[in-house]
Ligand SMILES: Nc1nc2c(ncn2[C@@H]2O[C@H](COP(=O)(O)OP(=O)(O)O)[C@@H](O)[C@H]2O)c(=O)[nH]1
Ligand SMILES: [Mg+2]
């Protein structure tokens with residue numbers, strides 16, 4: 001447990017810690033005043049929680065302060081920690097209850113899909129699962145190459161499409177072979193797309209349909225990869241993807257870079273999607289199962 005906590009403490013970006021770190025000086029020795037609430041509001045919004053989520057948190061805190069008759073600002077701090085923690089719930093455990101279990105990763109260009117596929121393959125292979133990577137991002141030759149380099153480095157089997165070929169056909173073939181080879185988990189890398197482009201979203205829907213035709217019940221999971229540094233824009237992307245396909249969870253990449261961390265709360269509050277994994281660096285073992293306790297304690301430095 002100690003090890004996981006320290007991994008979060010060191011892995012989270014300095015900007016997350018700085019954004020929330022201001023809470024400590026705000027909630028010091030003084031008494032709670034109107035200014036305390038205004039400042040707390042500003043801190044949470046600047047930390048990327050978004051206006052709606054921030055308001056919900058403040059309203060709930062104000063109610064507890066009233067009902068408990070709290071006067072000192074310092075006493076607000078544990079309440080805030082509890083409030084933030086309770087917003088995150090507990091991530092569902094992932095059961096690979098069928099074989100092959102097909103996981104599709106979707107998201108805009110540069111969000112971290114290909115890197116996350118490699119990290120997930122590495123993680124699941126370490127638990128003894130037989131993995132198959134699928135490079136179905138056939139729009140860019142470089143994207144296929146990138147996953148191939150990872151596959152080689154991590155010694156994971158991969159099926160790749162030719163650049164320019166139909167991604168649906170690549171997935172179809174890959175699933176046939178995964179079934180024949182009794183693969184446990186298939187990880188499919190898809191082309192990044194602009195959430196604002198209708199035809200690209202339609203193509204993604206087609207990939208999902210073909211996946212279901214190749215294997216009944218597939219994809220068993222569709223995970224949206226969001227770049228934690230893009231703040232509220234990531235929420236807009238998430239809404240568009242959620243409307244197009246059945247997103248079952250989120251991977252929040254790049255929490256180690258300039259992210260301010262508040263996205264974690266906004267995603268769960270405003271989209272109702274669980275965060276399953278977080279990217280805390282670029283190395284294969286830098287994808288951590290999302291740990292709400294470690295996350296809240298790390299940002300508040302408690
Ligand atoms: N620091 C850091 N960099 C990441 C993380 N995830 C992805 N990246 C980097 O972000 C860039 C884009 O990632 P990529 O997987 O190619 O995104 P894709 O276009 O969605 O497939 C690459 O330079 C990755 O190394 C992360 O969790 N932390
Ligand atoms: Mg990619």
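Read-outs throughout are calculated quantities, based only on the coordinates presented, and are distinct from any laboratory measurement. It should be emphasised that the depicted structure is a prediction, and the values quoted were computed from it without experimental measurement. All Cβ positions, glycine included, derive from the backbone under ideal geometry; neighbour counts span all protein chains shown.
Take every pair of alpha-carbon atoms less than 8 Å apart whose residues are at least six positions apart; their mean separation over the length of segment 209-284 yields a relative contact order of 31 percent. Using 0.36 nm per residue and subtracting the Cα-Cα separation, the extra length available between residue 180 and residue 285 on full extension is 34.9 nm.
Subtracting the Cα-Cα distance of residue 59 and residue 202 from their residue separation scaled by 0.36 nm leaves 47.5 nm.
Using only Cα atoms, tell me the angle between helix 198-214 and the longest principal axis of the chain; keep it within 0 to 90° and round to the nearest 10. Around 60 degrees separate the two axes. A convex hull fitted to the Cα coordinates of segment 129-282 yields 116 cubic angstrom per residue. Distance between the C-alpha centres of segment 233-294 and segment 16-92: 22 Å, rounded to the whole angstrom. Considering every alpha-carbon pair of the chain, the percent of pairs per 10 Å bin, from zero through the bin containing the longest distance, is 6, 28, 31, 20, 10, 5, 1.
Axis of helix 34-46 versus longest Cα principal axis of the chain: the two differ by about 20°, to the nearest ten degrees.
Extension gain, residue 81 to residue 239: 0.36 nm times the residue separation minus the Cα-Cα distance gives 54.1 nm. Backbone N atoms of segment 254-289 closer than 16 Å to the 7 Å Cα→Cβ label point of residue 10 belong to residues 256-257, 280-288. Per the Kirkwood formula applied to alpha carbons, segment 227-302 shows a radius of gyration over Rh ratio, Rg over Rh, of 0.96. The label-point distance for residue 162 and residue 258, in a model that sets each label 7 Å from Cα toward Cβ, rounds to 4.1 nm.
Contact order for the chain, expressed relative to its length and based on alpha carbon pairs under 8 Å spaced 6+ residues apart, stands at 27 percent. Looking at the square roots a ≥ b ≥ c of the eigenvalues of the Cα gyration tensor of segment 1-87, which shape do they give, rounded for a/c under 1.5, prolate if a/b is larger than b/c, or oblate? It is prolate, given that a/c is not under 1.5 and a/b is the larger ratio. Against the main long axis of the alpha-carbon atoms of the chain, helix 141-154 sits at an angle near 80°. Label-to-label distance, residue 70 versus residue 29, with points set 7 angstrom from Cα along the beta-carbon direction: 2.0 nm. At q = 0.21, 0.24, 0.25 Å⁻¹, what log₁₀ I(q)/I(0) does a Debye calculation on the Cα points of segment 148-232 give, no solvent, two decimals? For the requested q values the scattering log ratios are -1.17, -1.36, -1.40. Working note: 222 nm ellipticity from helices only, DSSP H runs with n ≥ 4, each -39,500 (n - 2.57), summed and divided by the residues of the chain, gives -16500 deg cm²/dmol to the nearest 500.
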